[in-house]
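First comes the structure, then the notes that go with it.
The values are calculated or read from the model by the stated rules, or taken from the named source; none is laboratory data. It should be emphasised that the depicted structure is a prediction, and the values quoted were computed from it without experimental measurement. Virtual Cβ from ideal backbone geometry, glycine too; neighbours counted across all protein chains shown. These area figures cover heavy atoms from the full protein model, side chains too; ligands, DNA and RNA do not enter into them. Shrake-Rupley method; radii C 1.70, N 1.55, O 1.52, S 1.80 Å.
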Amino acid sequence: MNPHRESDTDPRLPSLDLARVRADFPILAEPVHGKRLAYLDNAATTQKPEAVLKALDNYYRHGNANVHRAVHELSQRATTAYEAARDRIARHFNAARDEIVFTRGTTEAINLVARSFLEPRLKAGDEILLTMMEHHSNIVPWQLATERTGARIVVAPISDAGELLIDEWRQRLNVRTRLVAFAHVSNALGTLNPVTELAREARVRGIPVLADGAQAVAHLAVDVKALGVDFYACSAHKVYGPTGFGVLYAKREHLEAMPPWQGGGDMIRTVAFEGSTWNDVPYKFEAGTPPIAGAVGFAAALDYLDGLGLDRIHRHEEGVLAYATEALSRIPGLRLIGTARNKSGILSFVMDSAHPQDIGSILDMEGVAVRSGHHCAMPLMQRYGVSATARASLAVYNGTDDIDQLVSALHKVRALFA
Ligand code: PLP
């Protein structure tokens, strides 16, 4: 039995027929500790719709083989599906197909840029400009590059509300800045950064820009050309797609100039013991058997997203966010961390009475899945003087009933720890 409310459109959230959307996600019917599941850990990973499950199943049942390697029928099918996925993904981001490099996810995409694009250009004294709100994946790869070259990381501060202080950020751009990198949407605060404006500022100074889109792609239309970035990274699993797959968009001129970063099959044109030559972009950066099912699954996830319409998704999630912000603000002793004016559906909070870990455990017993911890953003936690927060993060299938369930579970936390 599906324990979800059999409602039609929630009158407070008119943009989507929530019951129909929920029916697309079989796992939402899974009871947790005998309770209805309110899945609010979408910034960590999203659930998968039937369309993605079917695409994966269909690929493995009817088309599984290695790609680019054989003339037999199944290999042809796999190659066709894989390369069609690249076209589909490129179209979604308004990029050319050879500007789309397949990776294991955002983390690998950023590491690729750090290792292959940035590091060969870095020398002692050079700077990389980050912001205080970055995920460790958008800090540590740059740190590794600075350790090997003597360059340094510069950090732009944020306001108490969690907004990037743009004047301070601009003041930190200078002739030593070799790259700027920032989250499109912060995973711990929900802040939506003004990517186009930041990219313009960097571009007029000739500084390349990387935007970390891990938390943006499921919620906003992303046009890399309109954003004006040099690099854009994302993970399929945060966009209703499978784990183990992600995308790096990079301007073709950069990819052409970058050396390969991993060696193996598929990334070469010729190999001899005396030396090898490289395949065309993007294959030059895709060593070994690629994540074929991942690409097929992500393409299906993007079809699903576009079927619903990103505008409608955005409006729906905005409505749930407003409802949740108001509801959480009324809970005594609860403090929201991240109250930017432009925000995506992420609610990080601490409570006077209980540690985030205890909050997470008690909510779990009530069927509410949230994340507790530092959210891979330790410097940001320090900025707010906390070691951890509890975080509820929204997806298209969340509604006000999920928030009501969260709020009533939080009242149980208060009662237990009062
Ligand atoms: N950047 C941000 C803003 C994230 O939220 C995450 C994951 O939570 C990542 C990067 C890393 O993504 P992945 O672990 O899929 O590589």
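Take the alpha carbon gyration tensor of the stretch 124-165, find the square roots of its eigenvalues, order them as a ≥ b ≥ c, and report rounded if a/c is under 1.5; if not, report prolate when a/b exceeds b/c, else oblate. Oblate is the answer for the stretch 124-165, as a/c is 1.5 or above yet b/c matches or exceeds a/b.
3J(HN,Hα) couplings calculated from phi for the stretch 28-39 with the Karplus curve 6.51 cos²θ - 1.76 cosθ + 1.60 (θ = phi - 60°) are, in sequence order, 5, 8, 6, x, 10, 6, x, 10, 4, 7, 10, 8 Hz; Gly and Pro show x.
Does the stretch 53-306 classify as rounded, prolate or oblate by the C-alpha gyration tensor (a ≥ b ≥ c root eigenvalues; a/c under 1.5 gives rounded; else a/b over b/c gives prolate, otherwise oblate)? Walk me through the numbers on the way to the answer.
On the way: a/c = 2.38, a/b = 1.44, b/c = 1.65.
Since a/c reaches 1.5 but b/c is at least a/b, the shape of the stretch 53-306 is classed as oblate.
Helix 50-62 against the longest principal axis of the chain: what's the angle in degrees, Cα atoms only, rounded to the nearest 10? With both axes taken from Cα atoms, the answer is about 40 degrees. Ordered by 1.4 Å accessible area with all protein chains kept, 234, 376 run largest first as 376, 234.
When both the stretch 252-326 and the stretch 329-345 are represented by their alpha-carbon centers, they are found 33 Å apart. Taking θ as phi - 60° and the Karplus parameters 6.51, -1.76 and 1.60, the scalar couplings of the stretch 210-227 work out to 10, 10, 8, x, 3, 9, 9, 5, 6, 10, 9, 6, 10, 10, 5, 6, 5, 5 Hz in sequence order, x denoting glycine and proline. Within the full protein context, the accessible area of residue 256 is estimated at about 90 Å² for a probe radius of 1.4 Å. Helix 73-92 against the longest principal axis of the chain: what's the angle in degrees, Cα atoms only, rounded to the nearest 10? Helix 73-92 and the main axis of the chain meet at about 70 degrees. Applying a DSSP loop filter and a limit of 13 other Cβ atoms within 10 Å to the trypsin sites (Lys or Arg not before Pro) in the stretch 332-367 leaves 341.
At 1.4 Å probe size, put 326, 50 in order of accessible surface, largest to smallest.
On the way: 326 105, 50 75 Å².
Most to least solvent-accessible, the answer reads 326, 50.
Antiparallel beta bridges, as assigned by DSSP with both residues in the chain, represent about 60 percent of the total such bridges. Scanning residues 5 or more positions from residue 191 or on other chains, those with amide H under 5 Å from its amide H are 186, 344, with H placed 1.01 Å from N in the peptide plane. Take each peptide in 34-42, 209-217, count the other Cβ atoms within 10 Å of every residue, and average; sorted highest first, the result is 209-217, 34-42. Amide H contacts under 5 Å for residue 156: 130, 131, 132, restricted to partners 5 or more places along the chain or on a different chain, H placed in the peptide plane at 1.01 Å from N.
Measuring only protein heavy atoms, the 1.4 Å probe finds residue 412 accessible over about 100 Å².
Using alpha-carbon positions, what is the distance between the centroids of the stretch 196-237 and the stretch 90-164, in Å? Between the Cα centres of the stretch 196-237 and the stretch 90-164 lies a distance of 11 Å.
Positive contributions from Lys and Arg (+1) and negative ones from Asp and Glu (-1), summed over other residues with Cβ under 11 Å from the Cβ of residue 32, come out at -1.
For the full complex of protein chains and a 1.4 angstrom probe, list 408, 235 by accessible area with the highest value first. Spell out each step's value before the answer.
Working: 408 65, 235 5 Å².
The ordering from most to least exposed comes out as 408, 235.
Backbone phi angles across the stretch 168-181, fed through the Karplus curve with coefficients 6.51, -1.76 and 1.60 (θ = phi - 60°), yield HN-Hα couplings of 5, 4, 4, 4, 8, 7, 7, 5, 8, 6, 9, 6, 10, 9 Hz in residue order; Gly and Pro are listed as x. Counting only DSSP beta bridges with both residues in the stretch 171-286, tell me the antiparallel percent, nearest 5. Close to 60 percent. Leaving out ligands, DNA and RNA, and with a 1.4 Å probe, what % of the accessible surface on the stretch 53-306 is carbon or sulfur? C and S fraction of accessible area: 52 percent.
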